[in-house]
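Note sheet for the following structure.
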Amino acid sequence: DIQMTQSPSTLSASVGDRVTITCRASQSISSWLAWYQQKPGKAPKVLIYKASSLESGVPSRFSGSGSGTEFTLSISSLQPDDFATYYCQQYNSYPWTFGQGTKVEVK
Amino acid sequence: QVQLVESGGGVVQPGRSLRLSCAASGFTFSSFGMHWVRQAPGKGLQWVAVISYLRRSESYADSVKGRFSISRDNSKDTLYLQMNSLRPEDTAVYYCAKDWSDGRGPIDYWGQGTLVTVSS
């Protein structure tokens, strides 16, 4: 199985900060990577697919990059609505696997 | 708009069975692959199973293989997850999720989830 490792596990930031989350795959997944945002008690929501494609309706402050085994999710200017947990997920091969999550909290 | 509504969760004893359902609307159900993803309390997301839109292929996480079975009824726009030989570690919120295509991903819509608690 492909292991997905996110860092950091927790990130403390302020409104307006630029935030970057890293996701590393245990083997190459090309660009078959998605990023999801999840708020407490809610279902996840897709932000980015195919490593860098922005899902329709997602604010442009979110961006994704990378290919192969190294990926990043960036938020250019953190907004109050962005405090949440973020997961990367590979869909290169089954079984699909998620990173352990990165909680973005108020500094 | 796309809606996915799960049902069938509850409290069940270890070793027993439970069947989850997911009623889909707002899209052509028979044209998309469908998934189950779970989340144990306070933990991360774990993909469970997928079924292609024509039911020609299924795949499972190793942790549920041989115990869980995913199926669909395209005439009823409904997805199912039959869970047998349940274990305490199967306790989780189970999400039904729509694939962007025929099962090759990614997930583009999620239901709100149904809680399954396995406990004596």
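The values are calculated or read from the model by the stated rules, or taken from the named source; none is laboratory data. Since we're looking at a predicted model, the values are computed, not measured. FYI the Cβ positions are ideal-geometry reconstructions off the backbone, even for glycines, and counts take in every protein chain you see.
Just one of A:Thr72, A:Thr20 is over 25 Å from B:Asp99 (Cα atoms), part of a strand (DSSP E or B) and without any contact (Cβ under 8 Å) to a residue 60 or more places away in the chain; which is it?
Exactly one of A:Thr72, A:Thr20 is over 25 Å from B:Asp99 (Cα atoms), part of a strand (DSSP E or B) and without any contact (Cβ under 8 Å) to a residue 60 or more places away in the chain, namely A:Thr20.
Find the residue count for segment B:54-77, including only residues that are surrounded by 14 or more Cβ atoms within 10 Å (Cβ to Cβ), closer than 25 Å to A:Gln38 by Cβ and not small (Gly, Ala, Ser).
4
Part of a strand (DSSP E or B), at pLDDT 95 or above, more than 13 Å from chain B (Cβ to nearest Cβ) and more than 11 Å from the chain's Cα centre (by Cα) - does that describe any residue in segment A:79-87?
no
Would you say A:Gln37 is surrounded by 16 or more Cβ atoms within 10 Å (Cβ to Cβ) and closer than 19 Å to B:Gly111 by Cα?
yes
Cβ-Cβ distance below 6 Å, separation of 6 or more or different chains: which pairs start in segment A:96-107 with a residue that is more than 8 Å from every other protein chain (Cβ to nearest Cβ) and end on one that is surrounded by fewer than 14 Cβ atoms within 10 Å (Cβ to Cβ) and not hydrophobic (A, V, I, L, M, F, W, C)?
Qualifying pairs under 6 Å: A:Lys103/A:Thr10; A:Glu105/A:Ser12; A:Lys107/A:Ser12; A:Lys107/A:Ser14.
Out of segment B:106-119, which residues are without any contact (Cβ under 8 Å) to a residue 24 or more places away in the chain and out of contact with any strand residue (DSSP E or B) (no Cβ under 6 Å at 6 or more places or on another chain)?
none
For segment B:44-120, give me every one of the strands (runs of 3 or more DSSP E) that falls completely inside it and has 1 or more residues that are more than 10 Å from chain A (Cβ to nearest Cβ) and among the small types (Gly, Ala, Ser).
Ranges flagged: B:68-73, B:92-99.
Within segment A:46-62, is there a residue that is within 14 Å of another protein chain (Cβ to nearest Cβ), touching a strand residue (DSSP E or B) at 6+ places or on another chain (Cβ under 8 Å) and farther than 29 Å from B:Leu4 by Cβ?
No, segment A:46-62 contains no residue that is within 14 Å of another protein chain (Cβ to nearest Cβ), touching a strand residue (DSSP E or B) at 6+ places or on another chain (Cβ under 8 Å) and farther than 29 Å from B:Leu4 by Cβ.
Which condition breaks for A:Ser26 when tested against (1) without any contact (Cβ under 8 Å) to a residue 60 or more places away in the chain; (2) away from every other protein chain (no Cβ under 12 Å); (3) buried (at least 18 other Cβ atoms within 10 Å of the Cβ)?
So the condition that A:Ser26 fails would be (3).
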